[in-house]
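Have a look at the structure below before the remarks.
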Amino acid sequence: MSNHNIKIFPHGLNIQIAGGDRLLDSLIEHSVFLRSDCGGKGGCGKCLIKIKHCDGTQKTTEACQVTVSEDLSIEIPVASLLSSHIIEKAPANFPPSFSQSFNKTKQHRPSYGIAVDIGTTTVALYLCNMNSGKVLSSVSVGNPQTIFGDDVMSRIGMVAKGKDNLTKLQRVIIKTIEWGCQRLAKFQKIKVSSLEKVVAVGNPAMIHLFLGVDPSSISVAPYRPAFFEARCEQGIKLGFEELACPVHTLPQISGFLGGDILAAAIAAELGQRQTGTLLIDIGTNGELIYKGKNGFYATSCATGPAFEGATLFCGMHAIPGAIDKIILAEATEFPEYRVIQSSDKKTSSLPVGLCGSGVISATAALYRTGIIDSGGAMAINENIVSLQQEDSGTRKYVIAAIVEGKAGQNKEVFIDQKDIRSIQLGKAALITGIEFLLKMEEEVSPDNIVVGGAFGSYLDKKDMMTLGMIPQVPEEKIEIAGNLAGAGAVMALCNNRYQKLAQKMADEIEVVDLAKNIEFQQSFIANLRFPGLL
């Protein structure tokens, strides 16, 4: 098959793609990442592009459904791109002991390194001066492995379907991380080749795929990873083109508990906290560690990608244009909402979707006002002006309606019954995991809760308790701690002591296996309901 020329706007790129290749996959090979929450099956409509053919005709279609057979010009709307944005000040909080470990009086030559938090949905990179422990800037981008499946089990299953799929999954994450390194290096006016060290954390499946190790053993009993130990590989060996320095990963605890929760525990200084402290890292997977009287207990629960905006009809990452908070006092009122704005103060972002915190905020608001009941069903009430019923019979609640006009809102943003069900599944998995962890020491509620994760950082404490995501405790006992996994990765990058501390904690933790507990499913089903309102 001959190659075809593809012009990409607004990127201004001109690339060559082999005839017969799927356009979505080929774009990723050239570091152009599109959303594909359905795994490239043509079901989500998130990878929409506008194609201009050689004969002058134009068509809007999904990139995952296009097989390249001619020269093309394509236009990619902003909403179809995986989110990527530079953040000058990283959203990661560090304990005082970390900054105190660096000599403030002695001047050091900068020593540059990268800490990477490889999430199932989002990848975050932090460029650091390892001699001072300072984060210089960071970048986050959607994990393009979502085209192979939106959760870890579907990606593991993808590996089993073809001998080349492991290589494909590794290659897209390597390209993503190298893209982030290039952006950060350019931002700081240094070369990627000057980076001296990388520390990467993530759940075991993500780390296996990153290192090019078959993760299939995680998906079958006894659900063990292919390796437990911390590893170090040279960047070139992993497939990086410019990143030639050593790449470190932290140890793994079990098939579903890895270096990310260990990094979070380090950043939260869980070992120094009082007994009865529960650490929650919320993302596509919910990872939990409880510090009990008799030691540390940990488990993982599949909360699903809905918490991070994926798989929802109007879901998106937390970038400009995403609604991140809803305010609703009465069911019969129109909702108010807050939209994440661009750093460009001259323009105002109109709402184009809901990010994870926006979905949680909306669901909690609908439940408080009686628009949905404790079972999650939407009301049938003509007085609720924003509640609509589609031709299929499905009900939806419109948060931002279309407003005609040049500067008007041109896209409807809503939450529907299916979205509510996705939230119920995620919150039931999380609270059930917490309950079974506490049972290890016959406790019914933790004394303190520390919430981590990039998504968890933007959640409202009251919303979480309203939906039954976490136990009912006084709000002052809940700490929203930021992206702890990212912070812990930075700490391990800048000080080898924290890499050793991760290994020590991994050796001490007792894993609570929910899959083997015959009561888990029964409790999970009961927890699908929202709790009674206080």
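When you look at PRO320, is it open to solvent by 10 Å² or more (accessible area, probe 1.4 Å), over 14 Å from the mean Cα position of the chain (by Cα) and under 19 Å from LYS462 (Cβ atoms), yes or no? Considered against the rule, which asks whether it is open to solvent by 10 Å² or more (accessible area, probe 1.4 Å), over 14 Å from the mean Cα position of the chain (by Cα) and under 19 Å from LYS462 (Cβ atoms), PRO320 comes out as no. Any idea which residue in region 180-223 is most open to solvent (accessible area, probe 1.4 Å), counting only those that are more than 16 Å from GLY255 (Cβ to Cβ) and among the small types (Gly, Ala, Ser)? Among those residues, the one meeting the criterion is SER193.
With assigned to a strand (DSSP E or B), among the β-branched types (Val, Ile, Thr) and over 17 Å from the mean Cα position of the chain (by Cα) as the only criterion, which of ILE326, ILE384 stands out? The unique qualifying residue is ILE326. In region 495-515, which residues are within 21 Å of LYS134 (Cβ to Cβ) and loosely packed, with under 14 Cβ neighbours inside 10 Å? Scanning region 495-515 gives ASN496, ARG497. For region 233-261, a residue qualifies if it is closer than 18 Å to ALA115 by Cβ and surrounded by 24 or more Cβ atoms within 10 Å (Cβ to Cβ), and the qualifying residues are VAL247, THR249, LEU250, GLN252, GLY258, GLY259, ASP260, ILE261.
Say we look at region 14-37 and pick out the residues that are within 28 Å of the chain's Cα centre (by Cα) and without any contact (Cβ under 8 Å) to a residue 40 or more places away in the chain; which of these is nearest to ALA63 (Cα to Cα)? Quick ask: steps written out before the conclusion?
Going through region 14-37, the residues within 28 Å of the chain's Cα centre (by Cα) turn out to be 22-37.
Okay, now just the ones that are also without any contact (Cβ under 8 Å) to a residue 40 or more places away in the chain, so 27, 30.
On the way: LEU27: 9, HIS30: 14 Å.
Out of the qualifying residues, it is LEU27.
Listed by first and then second residue, the pairs with beta-carbon distance under 8 Å, at least 6 apart or on different chains, first residue in region 270-298 and more than 20 Å from ALA429 (Cα to Cα), second of a type in the set (A, V, I, L, M, F, W, C) and assigned to a loop (DSSP other than H, G, I, E, B), are GLY295/ILE509; PHE296/ILE509. Taken residue by residue, region 307-315 has at least one member that is buried (at least 24 other Cβ atoms within 10 Å of the Cβ) and either at pLDDT 95 or above or among the acidic types (Asp, Glu) (or both). Residues in region 1-38 that are buried (at least 20 other Cβ atoms within 10 Å of the Cβ) and part of a loop (DSSP other than H, G, I, E, B): 6 in all.
Scan ALA492, ALA485 and give me the residue that is farther than 18 Å from VAL450 by Cβ and open to solvent by less than 20 Å² (accessible area, probe 1.4 Å).
Result: ALA492 is the single residue among ALA492, ALA485 that is farther than 18 Å from VAL450 by Cβ and open to solvent by less than 20 Å² (accessible area, probe 1.4 Å).
Answer yes if at least one residue in region 468-477 is in contact with a Lys or Arg (Cβ under 7 Å, 6 or more places away or on another chain) and open to solvent by 60 Å² or more (accessible area, probe 1.4 Å), and no otherwise.
First pass over region 468-477, keeping only residues in contact with a Lys or Arg (Cβ under 7 Å, 6 or more places away or on another chain): 468-469, 475.
From what is left, the residues that are open to solvent by 60 Å² or more (accessible area, probe 1.4 Å) are 475.
Yes, region 468-477 has at least one match.
Would region 456-464 turn up any residue that is among the polar types (S, T, N, Q), in contact (Cβ under 8 Å) with a residue 60 or more places away in the chain and open to solvent by 40 Å² or more (accessible area, probe 1.4 Å)? So that I can check it myself, show each step before the final result.
Residues of region 456-464 that are among the polar types (S, T, N, Q), as a first pass: 457.
Pick out the ones that are also in contact (Cβ under 8 Å) with a residue 60 or more places away in the chain and you get 457.
Still in the running and open to solvent by 40 Å² or more (accessible area, probe 1.4 Å): none.
Scanning region 456-464 turns up no residue that is among the polar types (S, T, N, Q), in contact (Cβ under 8 Å) with a residue 60 or more places away in the chain and open to solvent by 40 Å² or more (accessible area, probe 1.4 Å).
Have a look at ILE423, ILE431 and point out the one that is modelled with pLDDT under 95, open to solvent by less than 60 Å² (accessible area, probe 1.4 Å), of a type in the set (Val, Ile, Thr) and assigned to a helix (DSSP H, G or I).
Values: ILE431 fails: modelled with pLDDT under 95.
It is ILE423.
Within region 434-450, the set of residues being more than 18 Å from GLN521 (Cα to Cα), surrounded by 21 or more Cβ atoms within 10 Å (Cβ to Cβ) and of a type outside the set (Val, Ile, Thr) comprises PRO446 only. Of the residues making up region 485-518, just one is in a loop (DSSP other than H, G, I, E, B) and free of Cβ contacts under 8 Å to residues at least 24 places away in the same chain, namely ILE518. So the check is Cβ under 7 Å with 6+ separation or different chains; which pairs have a first residue in region 327-339 that's more than 18 Å from LYS462 (Cβ to Cβ) and a second one that's assigned to a loop (DSSP other than H, G, I, E, B) and open to solvent by 80 Å² or more (accessible area, probe 1.4 Å)? Qualifying pairs under 7 Å: THR332/ASN383.
Just one of the listed residues (ASP117, ASP150) is part of a strand (DSSP E or B), among the charged types (D, E, K, R) and open to solvent by less than 50 Å² (accessible area, probe 1.4 Å), namely ASP117.
Name the residue, out of SER457, SER445, SER422, that is farther than 30 Å from THR394 by Cβ and within 19 Å of the chain's Cα centre (by Cα). Criteria check complete, one pass: SER457.
Given ALA263, ALA302, ALA230, which one is in contact with an Asp or Glu (Cβ under 7 Å, 6 or more places away or on another chain) and either within 30 Å of THR167 (Cβ to Cβ) or not small (Gly, Ala, Ser) (or both)?
Working: ALA263 fails: in contact with an Asp or Glu (Cβ under 7 Å, 6 or more places away or on another chain); ALA230 fails: in contact with an Asp or Glu (Cβ under 7 Å, 6 or more places away or on another chain).
None of the others qualify; the one that does is ALA302.
Within the option set ALA90, ALA124, being within 26 Å of LYS191 (Cβ to Cβ), modelled with pLDDT under 85 and surrounded by 23 or more Cβ atoms within 10 Å (Cβ to Cβ) holds for one residue only, ALA90.
The values are calculated or read from the model by the stated rules, or taken from the named source; none is laboratory data. Not measured: the values here are computed from a predicted model. Quick reminder, even Gly has a Cβ in these numbers, built from the backbone with ideal geometry, and neighbours come from all protein chains shown. All accessible areas refer to the heavy atoms of the entire protein, side chains included, with ligands and DNA or RNA removed. Shrake-Rupley method; radii C 1.70, N 1.55, O 1.52, S 1.80 Å.
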